[in-house]
Structures are given as C-alpha cells and as structure tokens.
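Only one structure is covered here, and it is reproduced in the block below.
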Amino acid sequence: MTDFMRLPPGPVTLQNVTVPACLLGRAGGLVRTDLALDAGRIGAASGPGVDMAGAMVLPAFIDMHTHLDKGQIWGRSPNPDGTFPGALASAGADRERHWTAADLRRRIDFALRSAHAHGTRAIRTHLDSTPPQDGISWPLFAEIRAEWAGRITLQAASLAGCDMVLDAAFTTLADRVAAQDGTLGLFTFPMPDMPDRLRHFFRLAATRGLDVDFHADETMDPSVNTLAQIAEAALATGFQGRIVAGH
C-alpha cells in the first residue's frame, strides 16, 4: 500500500514508476518503467496494471544499528546538558525506573509501526543487557520478533560493557543470546587487560556460533583505539564469524 492508493491482491504490474537506473543495472539517472510484482517480489509475472503516475520505487530500508529499547523516552528523561555522559546517565536512570516488559513493549511497538509505515523491512537493535535487564528485554524481544515476522525482520544484539565480560553473568548472557539466535555485542573502553577480555569474548561467541557487534571506543578521548585491539583479538583467536564495529 502506498500513501495514495491500495494495490489489488495477487500479482500486479506497477505501470509508469520511476526507478534509479543503477537499481536496474542500467546507466544513467532515473528511469520510467513498469514493474511486475508477485508475492512481494519483482518478477516476470504480470497482473492487473496500476498507473503509479511516476511515483518513485526504492528498495525497502534496512536499519542495522538501532536502540529500540531506548526510543521514545525523551519526554520523561531528557538529556540535561546535551553531552554524551548526560545521555548515558539519563538513559540509565530511565532504565532502572521504567523498563518493565509493558513499558518496553509500548515503546518498541510504536517504533516498529513507525518504521514499517516508512518502508523499513529489517532492523538490528541493541538491547541493554546488564542484569537484571537482560531477563526482561530478551524474552520480550523474542515475542515481538515473532509478532512482526513477515513485516519486519528483527535481529537483536546484546549491549553490555567490557568490564563484565569475564564475569559469570556475561557467560549467562552469551547463552541467552545464543538461545534467541542473536548477536553477541559489547561496548569497549580502555582497560588494562583489554586483550584478555576481548579474546575471552571472541571465544564465547565462537563456541556458540554467534556473530559479534561492537560499540567501539565509547569515550570522548580521541586517543583511545580499542578498535585495533578488537582486530588483534579477532586475529589471535581465529574468529570466523561476522564482526561489526560501530560508533
């Protein structure tokens, strides 16, 4: 469904649409063409024609780094000074006061409905996973992922600090992530034994068949470079999974 018409069910041909030429494997800028759709896929099947009056057709959006659990909290927990530490403090305090399953469901549902209405088909969200929040957010996420199947493909990555990676609680978290077919995530900041911590992290991920996703160098110090330590640990452990390093 577009914002100005409802398409008929079954196969349909979108007539007179505008598509970037590169998406069709052609040279040039914008192209006027027809697109045949069947079961949500572009193909050769034809169906009733609908004149789209030159409307632009683009691939659906994929958002690979979100924080659905942090969304829609500004009204009750604004950042007091606009700084990074202020954001961390506000979000952390909001989590401790409000992040029940009911609160998370309400806010995440709003975010997903908004994303879906604007053409998003896949989202990876980081979930704050410091205990006891992991015991609330991950089971809820599994429910929401099942409810949205077929509309938005959802992935989750744990968000926990490198200061807890050697604790038994982090091993429990890794098991929880594996049970939910998630991605093992970590945010890094300077620690004296960071190489040991990162090697342990990669081993936890490898033994569970998990990909990894880092918030690297979450600090305002421009001299910090844990990204290099992440790369060194990945090489040292022979990690074969996929690695994303954000921030």
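Using Cβ point charges alone (K and R +1, D and E -1), the dipole size of segment 61-132 about the Cα centre works out to roughly 240 debye.
Sorting R151, R97, R197 on solvent-accessible area from highest to lowest, probe radius 1.4 Å, gives R97, R151, R197. The label point for A245 and the one for T153, both projected 7 Å from the Cα toward the Cβ, are 2.6 nm apart.
If you take the beta carbon distance between F84 and A231 as r and set R0 to 22 Å, what does 1/(1 + (r/R0)^6) give as a FRET efficiency, to the nearest 0.05? Before the final figure, lay out the partial values.
Details: r = 24 Å, r/R0 = 1.09.
For F84 and A231, the calculated efficiency is 0.35.
Relative to the longest principal axis of the Cα atoms of the chain, the long axis of helix 101-117 lies at roughly 40 degrees. Volume of the convex hull of segment 1-120 (Cα atoms only), normalised per residue: 168 Å³. For the chain, the dipole from Cβ point charges (+1 on Lys and Arg, -1 on Asp and Glu) about the Cα centre works out to 760 debye, to the nearest 20.
Can you give the net charge of the other residues whose Cβ lies under 12 Å from the Cβ of V224, counting K and R as +1 and D and E as -1?
On the way: positive: none; negative: D217, E218, D221.
Within the 12 Å Cβ shell, the charges total -3.
Using a probe radius of 1.4 Å on heavy atoms only, what accessible surface per residue do you get for segment 1-87? Whole Å² is fine. Numbers along the way, then the final one.
Working: 5680 Å² over 87 residues.
Result: 65 Å² of accessible area for each residue.
In the chain, the calculated helix contribution to ellipticity at 222 nm averages -11000 deg cm²/dmol per residue, counting -39,500 (n - 2.57) for every DSSP H run with n ≥ 4.
So how tilted is helix 168-179 from the main axis of the chain? Cα-based, degrees 0 to 90, rounded to 10. It works out to around 20 degrees. Averaged per residue, segment 168-247 has 50 square angstrom of accessible surface, using a 1.4 angstrom probe with ligands and nucleic acids left out. Farthest toward the positive end of the dipole of segment 70-193, out of G119, I73, T183, is the Cα of G119, where the dipole comes from beta carbon charges about the Cα centre. For the Cα atoms of the chain, what angle does the longest principal axis make with the long axis of helix 194-207, in degrees from 0 to 90, nearest 10? Roughly 50 degrees, rounded to the nearest 10. In the list (i) 20.7; (ii) 20.1; (iii) 17.9, the label attached to Kirkwood radius over Cα pairs in Å as derived from the coordinates here is (i). Ligands, DNA and RNA excluded, the heavy atoms of I108 present near 10 Å² of accessible surface to a 1.4 Å solvent probe.
Of the residues L58, F239, M220, the one whose Cα sits farthest towards the positive end of the charge dipole of the chain is L58 (charges of +1 on Lys and Arg Cβ, -1 on Asp and Glu Cβ, taken about the Cα centre).
Taking every protein chain into account, the 1.4 Å probe leaves L159 with about 20 Å² of accessible area, to the nearest ten.
Put a dot 7 Å past the Cα of R6, heading toward its Cβ, do the same for A142, and the two dots end up 3.7 nm apart. When the solvent-accessible area of the chain is split by element, carbon and sulfur atoms take up 57 percent of it, the probe being 1.4 Å.
The amide H of T120, built 1.01 Å from its N in the peptide plane, has F61 as neighbours under 5 Å, considering only residues 5 or more places off or on other chains.
The values are calculated or read from the model by the stated rules, or taken from the named source; none is laboratory data. Just so we're clear, the structure is a prediction, and the values are computed from it rather than from any experiment. We place every Cβ from the backbone using ideal geometry, glycine too, and count neighbours over all the protein chains shown. Only protein heavy atoms, including side chains, enter the accessible area calculation; ligands, DNA and RNA are left aside. Shrake-Rupley method; radii C 1.70, N 1.55, O 1.52, S 1.80 Å.
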